[in-house]
1. What's the number of the condition ALA131 fails, among (1) in contact with a Gly (Cβ under 9 Å, 6 or more places away or on another chain); (2) free of Cβ contacts under 8 Å to residues at least 12 places away in the same chain?
2. Which of (1) of a type in the set (D, E, K, R); (2) touching a helix residue (DSSP H, G or I) at 6+ places or on another chain (Cβ under 9 Å); (3) free of Cβ contacts under 8 Å to residues at least 60 places away in the same chain; (4) under 30 Å from LYS17 (Cα atoms) is the odd one out, the single condition LYS151 does not satisfy?
3. Determine, yes or no, whether PHE59 is within 13 Å of the chain's Cα centre (by Cα) and in a strand (DSSP E or B).
4. Report yes if SER9 is in contact with a Lys or Arg (Cβ under 7 Å, 6 or more places away or on another chain) and surrounded by 13 or more Cβ atoms within 10 Å (Cβ to Cβ), otherwise no.
5. Could you look through the range 46-98, keep only residues that are crowded, with 17+ Cβ neighbours inside 10 Å and among the hydroxyl-bearing types (Ser, Thr, Tyr), and pick out the one that is nearest to TYR13 (Cα to Cα)?
6. Between a residue in the range 74-88 that is over 18 Å from THR162 (Cβ atoms) and any residue that is in a loop (DSSP other than H, G, I, E, B) and modelled with pLDDT of 95 or more, which pairs come within a Cβ distance under 8 Å, given they are 6 or more apart or on different chains?
7. Would you confirm whether or not the range 67-79 contains a residue that is over 20 Å from LEU27 (Cβ atoms), part of a strand (DSSP E or B) and in contact with a strand residue (DSSP E or B) (Cβ under 8 Å, 6 or more places away or on another chain)?
Amino acid sequence: MKPEDDGSSHVRYALQKFQDGYTARDLDKLDEFMQLFVQDESIEMIGIGASKQVENEWFEGLESIRYIVEGDWKYWGDVKLDVDGAKITIGGEASWLSTTGTVTQTKAFDTAIQLHLDDMKAIFDKEELSADEKLMEVTQYGMRRLHERAKGLGHSWPFTFTAVLVMYGTGWRFHTLHWAMPVE
């Protein structure tokens, strides 16, 4: 890591710990990993498929974020953040960062098929959607999953990652995270 004397080294350290968790994917250490987050229900993680608050891939609160991280560790590919290249800004008790990364398809991706089918069933159960909207949502979701599977093991997708951290106790903790992938 680059030497820094503006306080951003502590934020970068938190980002590295986040990366370490996604690298190890050790479910026995998930509760320990969750200590990287502010410990209240105001926290949120916005995934690559999010488009509405508190719906598909927009998670709020510790329990919801724990759920998505567990799913990422079980079913998503290998995540690699550019920790050293992250742009970090600090303003008082808040900091924000932006960086790039990749997710590389692994064998774990193949085990996710049932999870994807369950997600598609949940779309059909949404009473607020019309029949046409359900069909469009499920079709789009299914086609994206099929497209990803067709790329095969070892394929990497680029993404951007942004986060807001706040001083919590004696260290920087994640409050808001957003993963975004370019449209294909």
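The values are calculated or read from the model by the stated rules, or taken from the named source; none is laboratory data. This structure is a prediction, so every number in the text was calculated from the model and none was measured. When we count neighbours, we look across all protein chains shown, and the Cβ atoms used for this are built from the backbone with ideal geometry, even at glycine.
1. (1)
2. Only one criterion is unmet by LYS151, namely (2).
3. Working: within 13 Å of the chain's Cα centre (by Cα): yes; in a strand (DSSP E or B): yes.
For PHE59, the condition - within 13 Å of the chain's Cα centre (by Cα) and in a strand (DSSP E or B) - is met.
4. Judged against the criteria, SER9 is not a match.
5. Only one residue fits best here, namely SER95.
6. Hits for this filter: LYS74/ARG25.
7. Here is the first cut: in the range 67-79, the ones over 20 Å from LEU27 (Cβ atoms) are none.
Checking the range 67-79: not a single residue is over 20 Å from LEU27 (Cβ atoms), part of a strand (DSSP E or B) and in contact with a strand residue (DSSP E or B) (Cβ under 8 Å, 6 or more places away or on another chain).
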